[in-house]
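Report on the following structure.
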Amino acid sequence: MSTGRFVEVVRSGALSTVQDLGRPGHAHLGVPRSGALDLPAHLLANRLVGNPADAATIETTITGVSLRVGQAATVAVTGAWAPVTVDGRPAGWSAPVSVPAGARVDVATAKRGLRSYLAFSGGIAVAPVLGSRSTDLLSGLGPAPLAVGDRLPLGEVAGPPAPVDVAPTGTLTEETTLRVVLGPRADWFTDDAPGILAGPGYRVSTLSNRVGMRLEGPALPRRIGGELRSEGVVLGAVQVPAAGTPVIFLADHPTMGGYPVIGVVHPDDLPLAAQAAPGTPIRFRIVEGVRRGPFLYRKR
Amino acid sequence: MSRVDEGWAAVRIIPVGLRALLVEVPEPAYAHALVAELDRRRERGELPGVEDVVPGERTVLVDGLDDPAGLAAQLATWRPTSARLPDGPLVEVPVRYDGADLAEVARRWQVREEDVGRIHSAPEYRVAFCGFAPGFGYLTGLPERYHLPRRAVPRTRVPAGSVALAGGYAGIYPRDSPGGWQLLGRTDLVLFDPGRNPVALLTPGTRVRFRDVDAPEDADRDVSG
(Lines give C-alpha, C1' and ligand atoms only; values in the text may rest on other atoms or scores of the structure.)
Protein backbone atom coordinates (compact mmCIF):
# COMPACT_ATOMS: atom_id res chain seq x y z
CA MET A 1 0.00 0.00 0.00
CA SER A 2 1.57 3.28 -1.06
CA THR A 3 1.79 6.25 1.23
CA GLY A 4 1.84 9.97 0.67
CA ARG A 5 -0.20 13.11 0.92
CA PHE A 6 -3.38 11.91 -0.75
CA VAL A 7 -6.72 10.30 -0.09
CA GLU A 8 -7.90 7.37 -2.19
CA VAL A 9 -11.55 6.67 -2.90
CA VAL A 10 -12.60 3.22 -1.65
CA ARG A 11 -16.37 3.77 -1.97
CA SER A 12 -17.69 6.82 -3.80
CA GLY A 13 -21.25 6.89 -2.44
CA ALA A 14 -24.20 8.15 -4.47
CA LEU A 15 -22.47 11.43 -5.36
CA SER A 16 -19.36 12.81 -3.71
CA THR A 17 -17.72 15.95 -5.04
CA VAL A 18 -14.85 18.27 -4.17
CA GLN A 19 -16.17 21.63 -2.96
CA ASP A 20 -14.83 24.91 -1.65
CA LEU A 21 -16.16 28.48 -1.70
CA GLY A 22 -16.94 28.22 -5.42
CA ARG A 23 -16.13 30.57 -8.27
CA PRO A 24 -18.36 33.64 -7.98
CA GLY A 25 -17.39 36.57 -10.18
CA HIS A 26 -17.68 34.78 -13.52
CA ALA A 27 -21.47 34.78 -13.91
CA HIS A 28 -21.23 37.30 -16.77
CA LEU A 29 -19.33 34.62 -18.73
CA GLY A 30 -22.02 32.01 -18.04
CA VAL A 31 -19.97 30.28 -15.32
CA PRO A 32 -22.04 29.07 -12.33
CA ARG A 33 -20.83 29.98 -8.83
CA SER A 34 -20.78 26.38 -7.55
CA GLY A 35 -19.20 25.68 -4.12
CA ALA A 36 -20.31 23.86 -0.95
CA LEU A 37 -24.10 23.86 -0.59
CA ASP A 38 -24.00 23.83 3.22
CA LEU A 39 -21.40 26.55 3.58
CA PRO A 40 -21.34 26.68 7.42
CA ALA A 41 -20.73 22.90 7.53
CA HIS A 42 -17.87 23.25 5.03
CA LEU A 43 -16.33 26.10 7.06
CA LEU A 44 -16.71 24.22 10.35
CA ALA A 45 -15.04 21.09 8.94
CA ASN A 46 -12.09 23.18 7.79
CA ARG A 47 -11.81 24.98 11.15
CA LEU A 48 -11.84 21.68 13.02
CA VAL A 49 -8.81 20.35 11.13
CA GLY A 50 -6.94 23.67 11.09
CA ASN A 51 -7.55 24.52 7.42
CA PRO A 52 -8.27 27.99 6.02
CA ALA A 53 -11.88 28.65 4.94
CA ASP A 54 -11.10 28.22 1.25
CA ALA A 55 -9.55 24.75 1.57
CA ALA A 56 -11.48 22.15 -0.41
CA THR A 57 -13.59 19.51 1.35
CA ILE A 58 -15.59 16.55 0.09
CA GLU A 59 -19.36 16.89 -0.07
CA THR A 60 -21.30 13.62 0.10
CA THR A 61 -24.91 12.90 -0.82
CA ILE A 62 -27.06 10.64 1.41
CA THR A 63 -24.93 7.50 1.28
CA GLY A 64 -21.59 8.88 2.50
CA VAL A 65 -18.15 7.87 1.24
CA SER A 66 -15.09 5.78 2.16
CA LEU A 67 -11.59 7.13 1.77
CA ARG A 68 -8.15 5.80 2.63
CA VAL A 69 -5.52 8.30 3.75
CA GLY A 70 -2.00 7.96 2.33
CA GLN A 71 -0.38 9.31 5.48
CA ALA A 72 -1.40 10.37 8.98
CA ALA A 73 -3.89 13.24 8.88
CA THR A 74 -6.64 14.95 10.83
CA VAL A 75 -10.16 14.55 9.47
CA ALA A 76 -13.48 16.09 10.49
CA VAL A 77 -16.97 15.19 9.27
CA THR A 78 -19.73 17.81 9.53
CA GLY A 79 -23.06 18.61 7.88
CA ALA A 80 -25.49 15.71 7.62
CA TRP A 81 -25.21 13.53 10.72
CA ALA A 82 -23.82 10.11 9.84
CA PRO A 83 -21.92 7.42 11.69
CA VAL A 84 -18.16 7.86 11.16
CA THR A 85 -15.67 5.02 11.54
CA VAL A 86 -11.90 4.78 11.18
CA ASP A 87 -10.78 1.27 10.23
CA GLY A 88 -14.16 0.05 11.44
CA ARG A 89 -14.00 1.69 14.87
CA PRO A 90 -16.51 4.43 15.73
CA ALA A 91 -15.03 7.91 15.56
CA GLY A 92 -16.33 11.39 16.37
CA TRP A 93 -18.66 13.40 14.16
CA SER A 94 -18.18 17.16 13.98
CA ALA A 95 -14.86 16.67 15.74
CA PRO A 96 -11.19 16.57 14.74
CA VAL A 97 -10.10 12.94 14.46
CA SER A 98 -6.46 11.88 14.06
CA VAL A 99 -6.08 8.99 11.63
CA PRO A 100 -2.89 6.99 10.99
CA ALA A 101 -1.32 6.39 7.57
CA GLY A 102 -3.32 3.89 5.52
CA ALA A 103 -6.45 4.20 7.65
CA ARG A 104 -9.85 3.93 6.04
CA VAL A 105 -12.35 6.68 6.95
CA ASP A 106 -15.97 5.65 6.44
CA VAL A 107 -18.97 7.97 6.46
CA ALA A 108 -22.12 5.85 6.49
CA THR A 109 -25.58 6.77 5.20
CA ALA A 110 -26.84 10.01 6.75
CA LYS A 111 -29.27 9.57 9.64
CA ARG A 112 -30.32 13.17 9.45
CA GLY A 113 -29.65 15.65 6.68
CA LEU A 114 -28.41 14.97 3.18
CA ARG A 115 -24.85 16.21 2.66
CA SER A 116 -21.84 15.56 4.88
CA TYR A 117 -18.52 17.40 4.55
CA LEU A 118 -15.12 15.77 5.08
CA ALA A 119 -12.18 18.04 5.67
CA PHE A 120 -8.62 16.64 5.77
CA SER A 121 -5.70 18.60 7.19
CA GLY A 122 -4.10 20.34 4.22
CA GLY A 123 -7.30 20.27 2.19
CA ILE A 124 -8.04 18.49 -1.09
CA ALA A 125 -5.45 20.00 -3.42
CA VAL A 126 -6.68 19.20 -6.93
CA ALA A 127 -5.82 21.88 -9.50
CA PRO A 128 -8.13 24.90 -9.22
CA VAL A 129 -10.19 26.03 -12.22
CA LEU A 130 -11.01 29.75 -12.31
CA GLY A 131 -9.85 30.06 -8.71
CA SER A 132 -11.89 27.18 -7.30
CA ARG A 133 -11.58 23.42 -6.88
CA SER A 134 -15.35 22.93 -6.80
CA THR A 135 -17.06 20.38 -9.01
CA ASP A 136 -19.73 22.17 -11.03
CA LEU A 137 -22.26 19.59 -12.18
CA LEU A 138 -24.05 21.97 -14.56
CA SER A 139 -21.12 23.12 -16.66
CA GLY A 140 -18.60 20.36 -15.93
CA LEU A 141 -15.90 22.66 -14.54
CA GLY A 142 -13.66 21.33 -11.77
CA PRO A 143 -12.87 17.71 -10.96
CA ALA A 144 -15.30 14.93 -11.90
CA PRO A 145 -17.36 13.41 -9.08
CA LEU A 146 -15.36 10.93 -7.01
CA ALA A 147 -14.97 7.42 -8.45
CA VAL A 148 -13.51 4.32 -6.82
CA GLY A 149 -9.73 4.30 -7.15
CA ASP A 150 -9.37 8.09 -7.57
CA ARG A 151 -6.46 9.62 -5.71
CA LEU A 152 -6.90 13.18 -4.56
CA PRO A 153 -3.78 15.07 -3.43
CA LEU A 154 -3.73 16.83 -0.06
CA GLY A 155 -2.14 20.25 0.41
CA GLU A 156 0.34 21.49 2.99
CA VAL A 157 -0.98 21.54 6.55
CA ALA A 158 -1.71 25.15 7.46
CA GLY A 159 -2.19 24.95 11.19
CA PRO A 160 -3.08 22.76 14.16
CA PRO A 161 -6.56 21.24 14.54
CA ALA A 162 -9.10 23.11 16.63
CA PRO A 163 -8.69 22.48 20.39
CA VAL A 164 -12.20 21.07 20.82
CA ASP A 165 -13.63 17.61 21.30
CA VAL A 166 -16.95 18.14 19.52
CA ALA A 167 -18.20 21.33 17.90
CA PRO A 168 -21.79 22.25 18.73
CA THR A 169 -24.08 22.37 15.70
CA GLY A 170 -27.71 23.21 15.11
CA THR A 171 -30.27 20.46 14.83
CA LEU A 172 -32.20 19.74 11.68
CA THR A 173 -35.95 19.46 11.94
CA GLU A 174 -38.44 17.14 10.22
CA GLU A 175 -39.97 20.04 8.32
CA THR A 176 -37.71 22.65 6.75
CA THR A 177 -38.84 26.27 6.93
CA LEU A 178 -37.21 28.65 4.48
CA ARG A 179 -37.63 32.41 4.69
CA VAL A 180 -38.25 33.94 1.29
CA VAL A 181 -38.19 37.54 0.09
CA LEU A 182 -40.66 38.17 -2.73
CA GLY A 183 -39.40 39.45 -6.07
CA PRO A 184 -37.99 40.27 -8.54
CA ARG A 185 -40.87 38.87 -10.64
CA ALA A 186 -43.62 38.36 -8.08
CA ASP A 187 -45.74 40.70 -10.22
CA TRP A 188 -45.86 37.97 -12.91
CA PHE A 189 -48.04 35.91 -10.55
CA THR A 190 -51.60 36.32 -9.35
CA ASP A 191 -52.30 37.98 -6.00
CA ASP A 192 -52.97 34.62 -4.34
CA ALA A 193 -49.67 33.06 -5.49
CA PRO A 194 -47.63 34.21 -2.44
CA GLY A 195 -50.27 32.68 -0.16
CA ILE A 196 -50.05 29.39 -2.04
CA LEU A 197 -46.25 29.48 -1.84
CA ALA A 198 -46.42 30.07 1.93
CA GLY A 199 -49.01 27.33 2.37
CA PRO A 200 -48.66 23.61 3.04
CA GLY A 201 -48.11 20.90 0.48
CA TYR A 202 -44.53 21.36 -0.75
CA ARG A 203 -42.03 18.54 -0.55
CA VAL A 204 -38.51 18.04 -1.88
CA SER A 205 -38.65 16.06 -5.13
CA THR A 206 -36.28 13.18 -5.84
CA LEU A 207 -35.27 15.07 -9.00
CA SER A 208 -33.35 17.61 -6.88
CA ASN A 209 -29.60 18.05 -7.26
CA ARG A 210 -26.87 20.63 -6.78
CA VAL A 211 -28.33 22.72 -9.61
CA GLY A 212 -31.73 23.09 -8.04
CA MET A 213 -34.07 21.80 -5.38
CA ARG A 214 -37.18 20.74 -7.25
CA LEU A 215 -40.40 20.71 -5.31
CA GLU A 216 -43.62 18.75 -5.51
CA GLY A 217 -46.73 20.66 -4.57
CA PRO A 218 -49.23 23.23 -5.77
CA ALA A 219 -48.57 25.21 -8.95
CA LEU A 220 -48.29 29.00 -8.67
CA PRO A 221 -50.76 30.74 -11.00
CA ARG A 222 -49.39 33.36 -13.38
CA ARG A 223 -50.85 36.76 -14.13
CA ILE A 224 -48.49 37.33 -17.07
CA GLY A 225 -48.07 34.42 -19.48
CA GLY A 226 -45.29 33.67 -21.90
CA GLU A 227 -41.54 33.69 -21.49
CA LEU A 228 -39.46 36.20 -19.65
CA ARG A 229 -36.51 37.75 -21.46
CA SER A 230 -33.41 35.97 -20.15
CA GLU A 231 -32.06 37.65 -17.04
CA GLY A 232 -29.42 36.98 -14.40
CA VAL A 233 -30.50 34.73 -11.55
CA VAL A 234 -29.11 34.65 -7.97
CA LEU A 235 -28.36 31.77 -5.62
CA GLY A 236 -31.55 30.84 -3.74
CA ALA A 237 -33.89 32.15 -6.44
CA VAL A 238 -37.32 30.47 -6.37
CA GLN A 239 -37.94 30.10 -10.09
CA VAL A 240 -41.27 28.96 -11.48
CA PRO A 241 -41.01 27.04 -14.77
CA ALA A 242 -43.96 26.57 -17.13
CA ALA A 243 -45.44 23.70 -15.10
CA GLY A 244 -45.89 26.12 -12.19
CA THR A 245 -44.10 24.18 -9.41
CA PRO A 246 -41.18 26.14 -7.95
CA VAL A 247 -37.50 25.22 -8.11
CA ILE A 248 -34.93 26.67 -5.68
CA PHE A 249 -31.65 27.49 -7.41
CA LEU A 250 -28.67 25.98 -5.58
CA ALA A 251 -24.93 26.55 -6.11
CA ASP A 252 -24.58 24.96 -9.58
CA HIS A 253 -27.56 26.95 -10.93
CA PRO A 254 -27.50 28.41 -14.44
CA THR A 255 -26.43 32.05 -14.49
CA MET A 256 -29.43 33.11 -16.60
CA GLY A 257 -33.09 32.17 -16.52
CA GLY A 258 -36.08 32.62 -18.79
CA TYR A 259 -38.79 31.85 -16.23
CA PRO A 260 -39.96 34.30 -13.59
CA VAL A 261 -38.46 34.25 -10.09
CA ILE A 262 -41.22 34.79 -7.53
CA GLY A 263 -38.85 35.15 -4.57
CA VAL A 264 -35.39 34.52 -3.17
CA VAL A 265 -34.59 32.29 -0.18
CA HIS A 266 -32.88 34.10 2.72
CA PRO A 267 -29.14 33.38 2.41
CA ASP A 268 -28.97 32.14 6.03
CA ASP A 269 -31.55 29.44 5.21
CA LEU A 270 -29.73 27.98 2.19
CA PRO A 271 -27.79 25.52 4.40
CA LEU A 272 -31.15 24.15 5.57
CA ALA A 273 -32.21 23.69 1.95
CA ALA A 274 -28.90 21.89 1.29
CA GLN A 275 -29.75 19.36 4.02
CA ALA A 276 -33.39 18.72 3.06
CA ALA A 277 -33.57 15.18 1.68
CA PRO A 278 -36.15 14.16 -0.94
CA GLY A 279 -39.57 13.88 0.68
CA THR A 280 -38.86 16.53 3.33
CA PRO A 281 -41.80 18.94 3.73
CA ILE A 282 -40.78 22.50 2.83
CA ARG A 283 -42.54 25.50 4.29
CA PHE A 284 -41.86 28.97 2.92
CA ARG A 285 -42.20 31.94 5.26
CA ILE A 286 -42.45 35.23 3.42
CA VAL A 287 -40.36 37.96 5.02
CA GLU A 288 -39.80 41.64 4.35
CA GLY A 289 -37.04 42.40 1.86
CA VAL A 290 -35.02 45.51 1.12
CA ARG A 291 -37.03 48.66 1.79
CA ARG A 292 -36.47 52.38 1.44
CA GLY A 293 -35.03 52.52 -2.04
CA PRO A 294 -36.06 54.32 -5.20
CA PHE A 295 -37.71 51.11 -6.28
CA LEU A 296 -40.50 51.06 -8.79
CA TYR A 297 -43.07 48.35 -8.47
CA ARG A 298 -45.28 48.66 -11.48
CA LYS A 299 -48.25 46.36 -11.85
CA ARG A 300 -48.67 45.30 -15.43
CA MET B 1 -24.39 59.70 -29.54
CA SER B 2 -27.64 60.29 -27.79
CA ARG B 3 -29.10 56.82 -28.15
CA VAL B 4 -28.69 56.14 -24.47
CA ASP B 5 -29.62 59.54 -23.13
CA GLU B 6 -33.38 59.68 -23.38
CA GLY B 7 -34.67 56.56 -21.66
CA TRP B 8 -33.13 56.52 -18.19
CA ALA B 9 -36.41 57.68 -16.69
CA ALA B 10 -37.94 54.36 -17.81
CA VAL B 11 -35.37 52.29 -15.92
CA ARG B 12 -36.73 50.17 -13.07
CA ILE B 13 -34.60 49.06 -10.14
CA ILE B 14 -35.92 45.90 -8.51
CA PRO B 15 -34.47 44.36 -5.34
CA VAL B 16 -33.57 40.65 -5.64
CA GLY B 17 -33.42 38.93 -2.27
CA LEU B 18 -31.35 40.79 0.32
CA ARG B 19 -28.11 41.24 -1.58
CA ALA B 20 -28.85 42.01 -5.22
CA LEU B 21 -30.55 44.45 -7.58
CA LEU B 22 -32.04 43.86 -11.01
CA VAL B 23 -32.01 46.94 -13.23
CA GLU B 24 -34.51 46.83 -16.10
CA VAL B 25 -33.54 48.90 -19.14
CA PRO B 26 -35.55 49.88 -22.22
CA GLU B 27 -33.07 48.49 -24.76
CA PRO B 28 -29.75 46.61 -24.82
CA ALA B 29 -27.60 49.72 -25.36
CA TYR B 30 -28.56 50.87 -21.87
CA ALA B 31 -27.38 47.58 -20.40
CA HIS B 32 -23.98 48.00 -22.13
CA ALA B 33 -23.70 51.56 -20.84
CA LEU B 34 -24.68 50.56 -17.32
CA VAL B 35 -22.28 47.59 -17.21
CA ALA B 36 -19.46 49.85 -18.43
CA GLU B 37 -20.30 52.40 -15.72
CA LEU B 38 -20.45 49.71 -13.02
CA ASP B 39 -17.11 48.29 -14.22
CA ARG B 40 -15.52 51.75 -14.07
CA ARG B 41 -16.74 52.27 -10.52
CA ARG B 42 -15.67 48.78 -9.44
CA GLU B 43 -12.17 49.45 -10.81
CA ARG B 44 -12.06 52.65 -8.74
CA GLY B 45 -13.05 50.63 -5.67
CA GLU B 46 -16.38 52.41 -5.25
CA LEU B 47 -18.44 49.21 -5.16
CA PRO B 48 -16.77 46.97 -2.60
CA GLY B 49 -18.36 43.57 -2.14
CA VAL B 50 -19.96 43.41 -5.58
CA GLU B 51 -19.37 39.85 -6.78
CA ASP B 52 -21.14 39.74 -10.10
CA VAL B 53 -22.50 42.17 -12.69
CA VAL B 54 -24.58 40.11 -15.11
CA PRO B 55 -26.22 41.66 -18.16
CA GLY B 56 -29.34 39.99 -19.57
CA GLU B 57 -31.57 40.75 -22.54
CA ARG B 58 -33.05 43.91 -20.97
CA THR B 59 -31.55 43.80 -17.50
CA VAL B 60 -28.38 44.09 -15.46
CA LEU B 61 -28.12 42.03 -12.27
CA VAL B 62 -25.78 43.36 -9.58
CA ASP B 63 -25.10 40.67 -6.96
CA GLY B 64 -23.19 40.68 -3.68
CA LEU B 65 -24.36 43.99 -2.20
CA ASP B 66 -24.21 44.77 1.50
CA ASP B 67 -26.51 47.75 0.99
CA PRO B 68 -28.76 47.27 -2.06
CA ALA B 69 -30.94 50.25 -1.18
CA GLY B 70 -27.85 52.47 -1.02
CA LEU B 71 -26.68 51.43 -4.47
CA ALA B 72 -30.23 51.75 -5.82
CA ALA B 73 -30.28 55.38 -4.63
CA GLN B 74 -27.00 56.05 -6.46
CA LEU B 75 -28.07 54.17 -9.60
CA ALA B 76 -31.21 56.24 -9.90
CA THR B 77 -29.07 59.34 -10.39
CA TRP B 78 -26.63 57.87 -12.94
CA ARG B 79 -26.99 58.80 -16.59
CA PRO B 80 -24.28 56.78 -18.35
CA THR B 81 -24.19 57.52 -22.05
CA SER B 82 -23.21 55.32 -24.94
CA ALA B 83 -20.66 58.01 -25.84
CA ARG B 84 -18.56 56.61 -23.00
CA LEU B 85 -19.16 53.04 -24.08
CA PRO B 86 -15.88 51.29 -24.83
CA ASP B 87 -15.69 49.77 -28.31
CA GLY B 88 -14.88 46.39 -26.86
CA PRO B 89 -12.40 43.97 -28.39
CA LEU B 90 -13.10 42.64 -31.89
CA VAL B 91 -13.02 38.88 -32.40
CA GLU B 92 -12.96 37.44 -35.91
CA VAL B 93 -14.61 34.04 -36.20
CA PRO B 94 -13.70 31.94 -39.27
CA VAL B 95 -16.71 29.83 -40.27
CA ARG B 96 -17.27 26.99 -42.67
CA TYR B 97 -20.93 27.35 -43.63
CA ASP B 98 -21.93 23.68 -43.89
CA GLY B 99 -24.32 23.41 -40.93
CA ALA B 100 -27.09 20.85 -40.63
CA ASP B 101 -29.80 23.54 -40.91
CA LEU B 102 -28.29 25.49 -43.81
CA ALA B 103 -30.98 24.37 -46.29
CA GLU B 104 -33.77 25.10 -43.81
CA VAL B 105 -32.36 28.56 -43.01
CA ALA B 106 -31.99 29.34 -46.73
CA ARG B 107 -35.60 28.29 -47.31
CA ARG B 108 -36.87 30.48 -44.46
CA TRP B 109 -34.76 33.44 -45.60
CA GLN B 110 -35.83 32.79 -49.20
CA VAL B 111 -32.25 32.87 -50.45
CA ARG B 112 -29.92 30.33 -52.03
CA GLU B 113 -27.92 28.12 -49.64
CA GLU B 114 -24.68 29.65 -50.87
CA ASP B 115 -25.94 33.11 -49.83
CA VAL B 116 -26.52 32.22 -46.17
CA GLY B 117 -22.87 32.64 -45.20
CA ARG B 118 -22.59 36.00 -46.95
CA ILE B 119 -25.70 37.33 -45.20
CA HIS B 120 -24.72 35.94 -41.81
CA SER B 121 -21.14 37.24 -42.01
CA ALA B 122 -22.10 40.72 -43.23
CA PRO B 123 -22.98 42.56 -39.99
CA GLU B 124 -20.75 43.36 -37.05
CA TYR B 125 -22.22 41.67 -33.99
CA ARG B 126 -21.90 42.50 -30.32
CA VAL B 127 -22.13 40.13 -27.34
CA ALA B 128 -25.22 41.28 -25.46
CA PHE B 129 -24.86 38.79 -22.63
CA CYS B 130 -23.58 35.30 -21.85
CA GLY B 131 -25.35 32.27 -20.45
CA PHE B 132 -26.51 28.73 -21.21
CA ALA B 133 -22.92 27.45 -20.91
CA PRO B 134 -19.57 28.99 -19.96
CA GLY B 135 -18.44 31.14 -22.88
CA PHE B 136 -21.74 31.09 -24.78
CA GLY B 137 -22.41 34.65 -25.96
CA TYR B 138 -25.74 35.91 -27.26
CA LEU B 139 -24.83 38.07 -30.26
CA THR B 140 -26.99 40.91 -31.51
CA GLY B 141 -26.61 42.59 -34.88
CA LEU B 142 -28.42 40.37 -37.39
CA PRO B 143 -31.08 42.40 -39.25
CA GLU B 144 -34.56 41.60 -37.97
CA ARG B 145 -35.78 40.11 -41.26
CA TYR B 146 -33.29 37.26 -40.74
CA HIS B 147 -34.42 36.40 -37.22
CA LEU B 148 -35.55 32.78 -36.83
CA PRO B 149 -37.20 30.79 -34.04
CA ARG B 150 -35.56 27.86 -32.31
CA ARG B 151 -36.01 24.44 -33.87
CA ALA B 152 -39.29 22.78 -32.89
CA VAL B 153 -37.37 19.74 -31.66
CA PRO B 154 -33.99 20.49 -30.03
CA ARG B 155 -31.01 18.29 -30.83
CA THR B 156 -29.65 16.12 -28.04
CA ARG B 157 -26.12 16.88 -29.19
CA VAL B 158 -24.78 19.94 -30.98
CA PRO B 159 -21.02 19.76 -31.67
CA ALA B 160 -18.62 22.31 -30.13
CA GLY B 161 -17.89 25.19 -32.50
CA SER B 162 -21.33 25.11 -34.12
CA VAL B 163 -22.34 28.56 -35.37
CA ALA B 164 -26.06 28.98 -34.89
CA LEU B 165 -29.08 31.29 -34.83
CA ALA B 166 -32.28 31.57 -32.81
CA GLY B 167 -34.65 34.14 -31.41
CA GLY B 168 -32.90 37.18 -32.88
CA TYR B 169 -29.46 36.08 -31.67
CA ALA B 170 -26.43 34.48 -33.21
CA GLY B 171 -24.23 32.23 -31.09
CA ILE B 172 -21.45 29.68 -31.08
CA TYR B 173 -21.65 26.50 -28.98
CA PRO B 174 -18.48 26.47 -26.82
CA ARG B 175 -18.66 22.70 -26.33
CA ASP B 176 -20.79 19.68 -27.21
CA SER B 177 -24.21 20.11 -25.64
CA PRO B 178 -27.91 19.73 -26.32
CA GLY B 179 -29.33 22.67 -28.25
CA GLY B 180 -32.28 23.97 -30.20
CA TRP B 181 -30.68 26.64 -32.37
CA GLN B 182 -30.48 26.52 -36.17
CA LEU B 183 -27.01 25.36 -37.21
CA LEU B 184 -25.35 27.35 -40.00
CA GLY B 185 -21.78 26.12 -39.82
CA ARG B 186 -18.80 25.58 -37.56
CA THR B 187 -15.60 27.23 -36.39
CA ASP B 188 -12.36 25.85 -35.01
CA LEU B 189 -12.03 28.72 -32.54
CA VAL B 190 -11.94 27.61 -28.89
CA LEU B 191 -14.55 29.83 -27.27
CA PHE B 192 -13.87 28.87 -23.66
CA ASP B 193 -10.72 27.48 -22.08
CA PRO B 194 -10.32 27.74 -18.29
CA GLY B 195 -6.55 27.39 -18.71
CA ARG B 196 -6.26 30.41 -21.01
CA ASN B 197 -6.31 34.14 -20.33
CA PRO B 198 -8.87 35.34 -21.22
CA VAL B 199 -10.87 32.21 -20.48
CA ALA B 200 -13.78 33.33 -22.68
CA LEU B 201 -13.32 34.91 -26.12
CA LEU B 202 -16.84 36.32 -26.08
CA THR B 203 -17.62 38.52 -23.08
CA PRO B 204 -20.44 41.06 -22.85
CA GLY B 205 -19.60 44.00 -25.12
CA THR B 206 -17.18 42.07 -27.36
CA ARG B 207 -17.63 42.83 -31.08
CA VAL B 208 -17.71 39.85 -33.41
CA ARG B 209 -17.16 39.44 -37.14
CA PHE B 210 -17.81 36.13 -38.87
CA ARG B 211 -15.61 35.32 -41.88
CA ASP B 212 -16.67 32.74 -44.47
CA VAL B 213 -13.53 30.64 -44.93
CA ASP B 214 -14.74 29.50 -48.36
CA ALA B 215 -15.47 32.99 -49.67
CA PRO B 216 -12.99 34.78 -51.95
CA GLU B 217 -10.93 37.46 -50.16
CA ASP B 218 -12.69 40.37 -51.85
CA ALA B 219 -16.19 39.01 -51.13
CA ASP B 220 -18.94 41.58 -51.19
CA ARG B 221 -20.09 42.29 -47.63
CA ASP B 222 -23.36 43.91 -48.71
CA VAL B 223 -26.35 42.41 -46.89
CA SER B 224 -28.97 43.55 -49.34
CA GLY B 225 -28.09 40.68 -51.69
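The values are calculated or read from the model by the stated rules, or taken from the named source; none is laboratory data. Everything numeric in this text was worked out from a predicted model, so none of it was measured. Because the Cβ atoms are built from the backbone with ideal geometry, glycine has one as well, and the counts that use them run over all protein chains shown.
Observations, loosely collected:
- For A:V247, the conditions (1) within 14 Å of chain B (Cβ to nearest Cβ); (2) within 24 Å of A:E288 (Cβ to Cβ); (3) β-branched (V, I, T) all hold with the exception of (1).
- If the condition is being touching a residue at least 24 places away in the same chain (Cβ under 8 Å), in a strand (DSSP E or B) and within 14 Å of chain A (Cβ to nearest Cβ), then the stretch B:155-178 contributes B:Y169, B:G171, B:I172, B:S177, B:P178.
- Yes/no for A:P145 being over 19 Å from the mean Cα position of the chain (by Cα) and either within 25 Å of A:L272 (Cα to Cα) or assigned by TED's automatic domain parsing to the domain that holds A:V10 (or both): no
- Tallying residues that are among the aliphatic types (A, V, I, L, M), buried (at least 19 other Cβ atoms within 10 Å of the Cβ) and over 16 Å from A:P194 (Cβ atoms) within the stretch A:229-284 yields 12.
- A:L220 meets all of the listed conditions (1) crowded, with 19+ Cβ neighbours inside 10 Å; (2) assigned by TED's automatic domain parsing to the domain that holds A:G244; (3) at positive phi but one, namely (3).
- Every listed requirement among (1) in a loop (DSSP other than H, G, I, E, B); (2) within 14 Å of another protein chain (Cβ to nearest Cβ); (3) out of contact with any His (no Cβ under 8 Å at 6 or more places or on another chain) is met by B:R151 save one, (2).
- Residues in the stretch B:42-99 that are surrounded by 17 or more Cβ atoms within 10 Å (Cβ to Cβ) and basic (K, R): B:R58 alone.
- Inter-residue pairs, beta-carbon under 6 Å, first at the interface with chain A (Cβ under 10 Å from one of its Cβ atoms) and in the stretch B:127-145, second part of a helix (DSSP H, G or I) and modelled with pLDDT under 95, 6+ apart: B:A128/B:P28
- When each of A:A36, A:A55 is tested for being closer than 25 Å to B:F132 by Cα, surrounded by 19 or more Cβ atoms within 10 Å (Cβ to Cβ) and more than 14 Å from chain B (Cβ to nearest Cβ), the lone residue that passes is A:A36.
- Taking the stretch B:30-44 as the range and being away from chain A (no Cβ under 13 Å) and either among the small types (G, A, S) or without any contact (Cβ under 8 Å) to a residue 12 or more places away in the chain (or both) as the test, the residues that pass are B:A33, B:R40, B:R41, B:E43, B:R44.
- Taking the listed residues B:L47, B:L61, the one that is at pLDDT 95 or above and outside the structural domain of B:G137 (by TED's automatic domain parsing) is B:L61, with no other qualifying.
- Residues satisfying the stated conditions in the stretch B:187-204, i.e. over 18 Å from the mean Cα position of the chain (by Cα) and either charged (D, E, K, R) or exposed (fewer than 14 other Cβ atoms within 10 Å of the Cβ) (or both): B:D188, B:D193, B:G195, B:R196, B:N197
- The residue that is nearest to the other protein chains (Cβ to nearest Cβ), counting only those in the stretch A:151-194 that are of a type outside the set (G, A, S), part of a loop (DSSP other than H, G, I, E, B) and surrounded by 18 or more Cβ atoms within 10 Å (Cβ to Cβ), is A:P184.
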